[in-house]
Number of protein chains: 2
Amino acid sequence: MTISSFRAELGDIPVEDHPRIVQQRSRDHYWYSPVLKAKLDHVTAEIVVSPRNNEEVKTVLRAAFKHGIAITPRGAGTGNYGQAMPLSGGAMLNLMNMDKVLEIKPDRVRAQAGAVMEKIDQETIAAVGGELRFHPSTYRMASIGGFIAGGSGGVGSVRWGGLRNLGSILGLKVITCEAEPRELDLVGEDILKVAHAYGTNGIIVEAEMPLAPAHGWIDMVVGFDNYMDASRFALGVALQDGLLVKEVSTYAAPIPEAYFNRHKPYLKDGQSVVLLMVAPVAADAMTLFVSHHKGDLRYRSDKATEEELKRLPPVYELAWNHTTLRALKVDPTITYLQTRYPSLEHLEKIISLLGDELPMHIEVTRQDGVVTLAGLPLVRYTTEARLDEIVAIHEANGCDVFNPHRYTLEEGGMKRTDQKQLDFKRQSDPKGILNPGKMVAWENPDFDFSAGKVWLFDGLNSVGAA
Amino acid sequence: MTISSFRAELGDIPVEDHPRIVQQRSRDHYWYSPVLKAKLDHVTAEIVVSPRNNEEVKTVLRAAFKHGIAITPRGAGTGNYGQAMPLSGGAMLNLMNMDKVLEIKPDRVRAQAGAVMEKIDQETIAAVGGELRFHPSTYRMASIGGFIAGGSGGVGSVRWGGLRNLGSILGLKVITCEAEPRELDLVGEDILKVAHAYGTNGIIVEAEMPLAPAHGWIDMVVGFDNYMDASRFALGVALQDGLLVKEVSTYAAPIPEAYFNRHKPYLKDGQSVVLLMVAPVAADAMTLFVSHHKGDLRYRSDKATEEELKRLPPVYELAWNHTTLRALKVDPTITYLQTRYPSLEHLEKIISLLGDELPMHIEVTRQDGVVTLAGLPLVRYTTEARLDEIVAIHEANGCDVFNPHRYTLEEGGMKRTDQKQLDFKRQSDPKGILNPGKMVAWENPDFDFSAGKVWLFDGLNSVGAA
């Protein structure tokens, strides 16, 4: 058997082959999407391999190359698009044993791929008062390598943009999948070949990331009777250059009262809310801004008791895709979309067309220097056909959709592949056994790179081009 | 004599009355404008009073109120609009003896009004690794109080906006001019009554300011054969959320070769240049971005020798109004304008209409969350009538002008006064003896607040309003 031959070459590298455990470790949070759930539910690897250092990663990849075993790398498995699901079976490459913070400087940190983001921040805050610029809502579980390979931005993106931006990642160490695996130290634009590529073109084993000042952020919850007032306030906050914030997001009623269970005592039924993370230095100015907008400041963590702080999750665990998770726990029929509204008027139009079928959730972010209403609306799901209609209604009204109900790199609209990335994959993974099935451009040589689609991770050729 | 009676009440507070010295201390950099030069050249105070603490300030103001002596507060006198020029004579209130840094916390600093901004930064960098968010090009001379009373933004505004933004000033201590002067601690929106009010409604004696991380900024000079290419690059830099910069500005040929004397060995004749201050953490990504834009990286301070660093001024001393100063030193007929170009197309249009009569200089800044082309073009001055035409050409082409050839608060377009500020002046300066002649709304009770003008410091009523 091929897998046995592969396994025989792994020496004492930890391996797990209990089918239940392997299946559980073969899954990410793809089940947020009923479409992906139907398509990917059967997917499982045959074994999970957990190397402890770069040499062991090379041993695994050498053996995989020799025996033609598919390799799907995985961090904490917190992605939502099936990024880390082994479509062709084979071996899961679990990188969570490689979790060391390697070097901390005042403005940057270097860590192994499996280091959990919260743990990195704990070390860098203690050492230099700095923290990662942004993180997903799964901060307490997600690994830095998984975030880079499968994520895009998150908490902090209102200030720093996203992973796709120049300067957001300083360096990556990648191991290739060849007869003799190589360690490549990628810097500059080479980084973008591997960022958000789902591990299809090399295994990220180390990352160097810039640090931002850690501010001891204050969580705030602000209520508004009208969702569009909440939206105007949130957009206004993000446009205030002097107000230092890390998170600004809006939730139309009834999302807060229906799904933010532990914050319920602080909420007022019928209100929409804005969630904020505010630097202490900006707290006074923010309360002034709230009152100018006639907002109802219902909670701020710097005035909370010890007991309240113990009971309540941080607001970032209500935000981003934790909103969807919390809604799903209450109502399993819920799913979500990823959208972009060019203006408040576009947002209002979509709300008028879809109403409570699409409970609105906006993350205010910076995209290419422009404050942007990035949508993560909930969807009261009925059928895949209706979901496609909702996507079409957005597009017909000038609003972009990055479809989270697709598991390939390209169809999700998050990353445009191009000839440079394809060439890189030819070098780093000549047999095409890294996370097979995820890069359409690899599977289909006739794939049209220039199809008129909007991509969040734009092609390499256009990064910073004049 | 009134001045003698006033002086008799000052005890041992230092006073200067030598006419030459008093006249020299009565001047700011108004002479950048030939219009202001003609109008204000004769202006002088009768004496200069230099209190050393808040009690002495109160003594001065008590005596001024009693004897009806005009009081014009002054920091280092580095303003360009006659902000600190005593139109009605009387006494200059020199605050440079009150120069202590009072308190440093990780995210904020409190200093006396006369503290020089560079000195504040030296202390805060040593103590907590933080520095002021922004500063004028006169950083090495200008006082924090003078900057707040007469300035608007500067180096750092590409990231942090300006003084007018909520959160840019945390608190001010102001002394009123009454029979019994009071100390007022202003926070929240009350700050905006006094910021950029030229000392017309209270004497700022202390300021609390937020700190940003000090990054050991790298100066870069990038050449382009075509000014519009330089402009596209500069705008692109400011839109890159991941590229941490403190200064981005553009200078059309022949400005660099004609006026940047000490940098001349690094420049190429005929090139326009972009000046940058870049965080070390962003240096690699910036050089990549430069090469994508086919820029010519002609100088970077982190590769300079000790000797070069000694010889060259920092790039911020080529920027903002130091550009005008350097041009004036070479060609005394030069003056400048303050403008705003809504887009690169607007900029190109103005250049096509005015050519080398208006050698272009742009400071890229954030204004209300939007990356903005703020112009400080040089003007090859001929007559006041032609200067007015150049202003009119801008306005006819949809470009705003904040006229630096006016010495009142309102006419410069930098600050809209309103009823709240006027009411505050009635309380803080009931006799109207603080910097008289500068607030039109005070002098002319029929002044129309709502005239259809664009203001950089918008009225209080509209700050952060929905």
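Things to note:
- Candidates B:V315, B:V248 - the one that is surrounded by 22 or more Cβ atoms within 10 Å (Cβ to Cβ), of a type outside the set (S, T, N, Q) and closer than 30 Å to A:T372 by Cβ: B:V248
- Each residue in segment A:344-367 was checked for being touching a Gly at 6+ places or on another chain (Cβ under 8 Å) and within 14 Å of another protein chain (Cβ to nearest Cβ), and 3 of them qualify.
- Filtered by the rule that a residue be over 19 Å from A:V248 (Cβ atoms) and surrounded by fewer than 19 Cβ atoms within 10 Å (Cβ to Cβ), segment A:346-382 gives A:K349, A:S352, A:L353, A:L354, A:G355, A:D356, A:E357, A:R380, A:T382.
- Residues in segment A:199-224 that are over 30 Å from A:R298 (Cα atoms) and surrounded by fewer than 24 Cβ atoms within 10 Å (Cβ to Cβ): A:V205, A:E206, A:E208, A:P210.
- Contact map, segment A:347-362: residues that are more than 15 Å from A:S231 (Cβ to Cβ) paired with residues that are part of a helix (DSSP H, G or I), Cβ distance under 6 Å, separation 6+ or inter-chain. Pairs shown: A:L353/A:I393.
- Unmet requirement for B:I104, which otherwise passes all of (1) in contact with a Gly (Cβ under 9 Å, 6 or more places away or on another chain); (2) under 24 Å from B:L434 (Cα atoms): (2)
- Residue satisfying all of: in segment A:246-299; among the acidic types (D, E) and more than 27 Å from the chain's Cα centre (by Cα); farthest from the other protein chains (Cβ to nearest Cβ) among these: A:D269
- Top-ranked residue of segment B:157-181 - restricted to ones that are within 14 Å of another protein chain (Cβ to nearest Cβ) and of a type in the set (A, V, I, L, M, F, W, C), ranked as farthest from B:A64 (Cα to Cα): B:V158
- Failed condition for A:L297, given (1) closer than 30 Å to B:W160 by Cβ; (2) in contact with a Phe, Trp or Tyr (Cβ under 8 Å, 6 or more places away or on another chain): (2)
- For B:A197, the criteria (1) within 14 Å of chain A (Cβ to nearest Cβ); (2) assigned to a loop (DSSP other than H, G, I, E, B) hold in every case but one, which is (1).
- Selection count, segment A:157-168, where residues are over 19 Å from A:G188 (Cα atoms) and either of a type outside the set (A, V, I, L, M, F, W, C) or assigned to a loop (DSSP other than H, G, I, E, B) (or both): 2
- The single condition from (1) of a type outside the set (S, T, N, Q); (2) in contact (Cβ under 8 Å) with a residue 40 or more places away in the chain; (3) in contact with a Gly (Cβ under 7 Å, 6 or more places away or on another chain) that A:D241 fails is (2).
- Within segment A:22-47, tally of residues that are closer than 30 Å to A:T382 by Cα and assigned to a loop (DSSP other than H, G, I, E, B): 9
- Cross-chain or 6+ apart pairs with Cβ under 8 Å, segment B:249-272 first and assigned by TED's automatic domain parsing to the domain that holds B:G375, then among the basic types (K, R) and part of a helix (DSSP H, G or I): B:E257/B:K264; B:Y259/B:R326; B:Y259/B:K329; B:F260/B:R326; B:N261/B:R326; B:R262/B:R311
- Picking from residues in segment A:65-80 that are buried (at least 24 other Cβ atoms within 10 Å of the Cβ) and among the aliphatic types (A, V, I, L, M), the one that is nearest to the chain's Cα centre (by Cα) is A:I71.
- Flag if B:G171 is within 26 Å of B:A91 (Cβ to Cβ), of a type outside the set (A, V, I, L, M) and within 21 Å of the chain's Cα centre (by Cα): no
- Here the condition is being within 14 Å of chain B (Cβ to nearest Cβ), aliphatic (A, V, I, L, M) and on the phi < 0 side of the Ramachandran plot; of A:V370, A:V391, it holds for A:V370 alone.
- The set of residues from segment B:80-109 being within 14 Å of another protein chain (Cβ to nearest Cβ) and either in contact with a strand residue (DSSP E or B) (Cβ under 7 Å, 6 or more places away or on another chain) or of a type in the set (A, V, I, L, M) (or both) comprises B:E103, B:I104, B:P106, B:D107, B:R108, B:V109.
- Sole residue being acidic (D, E), under 19 Å from A:P213 (Cα atoms) and free of Cβ contacts under 8 Å to residues at least 24 places away in the same chain, chosen from A:E55, A:E131, A:E123: A:E123
- Qualifying position, being modelled with pLDDT under 95 and in the same structural domain as A:D185 (by TED's automatic domain parsing), among A:G129, A:G145, A:G114, A:G150: A:G150
- Being outside the structural domain of A:H196 (by TED's automatic domain parsing) and surrounded by fewer than 24 Cβ atoms within 10 Å (Cβ to Cβ) is a property that holds for A:E56.
- Positions within segment B:110-129 being touching an Asp or Glu at 6+ places or on another chain (Cβ under 7 Å) and within 14 Å of chain A (Cβ to nearest Cβ), in sequence order: B:R110, B:T124, B:I125
- Of the residues making up segment B:13-21, one or more are in a strand (DSSP E or B) and surrounded by fewer than 22 Cβ atoms within 10 Å (Cβ to Cβ).
- In this structure, A:L184 does not satisfy being within 14 Å of another protein chain (Cβ to nearest Cβ) and of a type in the set (A, V, I, L, M).
- A:A207 satisfies every condition listed in (1) in contact (Cβ under 8 Å) with a residue 40 or more places away in the chain; (2) farther than 29 Å from A:G82 by Cβ; (3) out of contact with any Pro (no Cβ under 8 Å at 6 or more places or on another chain) except (2).
- Per-region count, segment A:132-156, residues in a loop (DSSP other than H, G, I, E, B) and more than 9 Å from every other protein chain (Cβ to nearest Cβ): 13
The values are calculated or read from the model by the stated rules, or taken from the named source; none is laboratory data. Just so it is clear, the model here is predicted, and its values are computed rather than measured. Cβ atoms come from the backbone with ideal geometry, glycine included; neighbour counts cover every protein chain shown.
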